[in-house]
Structure formats: structure tokens, C-alpha cells
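Structure first, then comments.
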Amino acid sequence: MNNILKANQLSKTFNAKTIPINAVKEVNIKIHEGEITVLTGRSGSGKSTLLHLLAGLEQKTSGTIFYKNQSYDDLNSKKLTELRRSDMGFVYQFHYLLNELTAIENVSLPLLMNNFEKKEALEKSKEILNTLGLSHRFSHKPSEMSGGEKQRVAIARSMVHSPSLVILDEPTGDLDSKTSLDVIESLKNYVKDIKSSLLIATHDENFKEISDQTLIMDSGII
């Protein structure tokens, strides 16, 4: 099976005031096309830092990262940004929605940035919001939604442009148990429909039920 994302001997060291902090230590990881990979581990184990490295949001200290056989070392900042915008989705622990925009407007942003017509962008946004159980929130702004609803809008925004890879950092952390299960089922079905790959960092044990590969991170090591 082809790898969509691969890292070899990937490390990240933060220079603290007293001693260096080795957040990620010589990690080797392969994410396969069309599969769901779940990354677990206690808080502070390095999961979020690893996701940021793999998405090109954080500079590595050493090692190599390949996306569809293209090394990040061969991409400048502009090219890496274009890659993320067109072919990746990323969901942060905090939703980072724009407060002045409605749910459907927030979700449509990646499409508009990729030169979709506004009408088509809104239709696609409606479709995925409906899939995630948010058809009643199309015209609502973040201040009018619950924490769980805002997180689902963020998930919809990350997937609306049918990216090849979606990276999610604790996507159900603010959701109740039932909503969490609903979102997990929706993610599984939607990813299979568009043949995307998922990389999910989570404490939610329910994600193991849909994972093709489960990895455990401890003190920066997998």
C-alpha cells in the first residue's frame, strides 16, 4: 500500500532556559493512503508537536518528512502553504473559527481560497455540515453555538475541500460521549467516501474502533 505521508528519524528539540526539551525523538511513521491512523498517549507525550511537524506547521530539528514522495526539504514556505491549503486539512484542539462569520461561511473559506465559485462552495459546505449533524446551524455564528458544535464546524472546514490527508488534534475533546460517537461515525463514513487518509491524535478510546493503525507515543517516542 502506498504511503501518503512518511517521516524518518524525525526529531524536535525546544531550547528552554535551562535544558533542551526533546519533544519528538527520532520518530519513524508511515500514513497509508485511504487509512485511519490513531495516535494515542498521555498529555505532554509529544502528540501535538508531532502533528504540527507532519503538517509543516513547525520546523523540525532533524529528520525527513515526505508527502506523496515529495520531501518537505525541497519545498519553500510558500509551496508548503499551498500544499496544506490544497491537499491537507488540519483540526486544532481549539476550533479557531472566525467569530464574524456564520458556520457555512467558515466552512466555505478553504474552497474560496482554492478558487471555487461561491455558489459551489456554499453547496459543498452545506453538504458536509449536514453530514456532521449541523444543518440547523448553517446561518449561526460561533457565539451562538455550543463548544461541541463549534468543533464540528472546524472539522467540516478541514474536510470540505476533499483533502488527501486530514490531521486532527483531539477532535472530540470538547464533545459529550454521544456526540463524540456520532462524529467518529461521520468521520469514518465521509473519509471512506472521499478516499482520504486520517491521522488523529486523541485520548478518546472510541477512535480505536475505526483505526487501521494505532500508534502509542510516550515521552516523544513511538
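The values are calculated or read from the model by the stated rules, or taken from the named source; none is laboratory data. Computed from a prediction, not measured in an experiment: that's the story for all the values here. Here Cβ is always computed from backbone atoms with ideal geometry, including for glycine, and neighbour counts include all displayed protein chains.
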Go through segment 116-146 and report how many residues are closer than 23 Å to Lys178 by Cα, in a helix (DSSP H, G or I) and free of Cβ contacts under 8 Å to residues at least 40 places away in the same chain. 8
Here are Ala55, Ala7, Ala103: which of them is on the phi < 0 side of the Ramachandran plot, surrounded by 14 or more Cβ atoms within 10 Å (Cβ to Cβ) and in contact with a His (Cβ under 8 Å, 6 or more places away or on another chain)? Ala103
Segments classed as strands (runs of 3 or more DSSP E), wholly inside segment 1-115, with at least 1 members that are farther than 27 Å from Asp212 by Cβ and of a type in the set (Val, Ile, Thr): 3-15, 20-32
Out of curiosity, is Ile167 under 17 Å from the mean Cα position of the chain (by Cα) and either of a type in the set (A, V, I, L, M, F, W, C) or modelled with pLDDT of 90 or more (or both)? yes
For Asn206, work out the one condition from (1) within 30 Å of Thr13 (Cα to Cα); (2) in contact (Cβ under 8 Å) with a residue 12 or more places away in the chain it doesn't fulfil. (1)
For segment 130-137, indicate whether the set of residues that are closer than 30 Å to Lys6 by Cβ and out of contact with any Leu (no Cβ under 8 Å at 6 or more places or on another chain) is non-empty. yes
Do we find a residue being closer than 26 Å to Leu39 by Cβ, free of Cβ contacts under 8 Å to residues at least 24 places away in the same chain and touching a helix residue (DSSP H, G or I) at 6+ places or on another chain (Cβ under 9 Å) anywhere in segment 174-181? yes
